[in-house]
Amino acid sequence: MPMKNFLWLVASIFVIALLNTFVGGMSGQALAALILAILVFWGKGDGWIAGYNTSNEEEKAKVNVKRLRFLFGSVLILFAGLTALYDIIGKGIFVTSILLLCVVSIILANTWAQKK
């Protein structure tokens, strides 16, 4: 991992820890997810995308990186929204929504975010 990406990772972990300390609970996690989404949209979060970060250059060439970033950033924003609404929607709907979000994102990452 290049030093610049490592510094982004350390800075984001630091910000997440501060948010969870000062804001606390689900609100801190929602804000942290929004910050991570912004970093992903800027192209600074490729190392956080599971599977992509450990792929070799051949496998990375098969992936449309812009679409994968958009998908991962969108998933983080949806997660932030669900997390912020946790007290309103309840535990059952929250867990079901997160599982559905995971399944849909896996399917889209393996179809829509691949190069044709």
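The set of residues from the range 81-97 being hydrophobic (A, V, I, L, M, F, W, C), surrounded by fewer than 16 Cβ atoms within 10 Å (Cβ to Cβ) and part of a helix (DSSP H, G or I) comprises Ile88, Ile89, Ile93, Val95.
If only residues of the range 63-80 that are under 22 Å from Val103 (Cβ atoms) and among the charged types (D, E, K, R) are counted, the one that is surrounded by the most Cβ atoms within 10 Å (Cβ to Cβ) is Arg69.
The residue list Lys60, Lys116 contains one member that is basic (Lys, Arg) and in a helix (DSSP H, G or I), which is Lys60.
Read-outs: derived from the displayed coordinates by stated rules, not from any lab. Just so it is clear, the model here is predicted, and its values are computed rather than measured. Cβ sites come from the backbone with ideal geometry, for glycine too, and all protein chains shown count toward neighbours.
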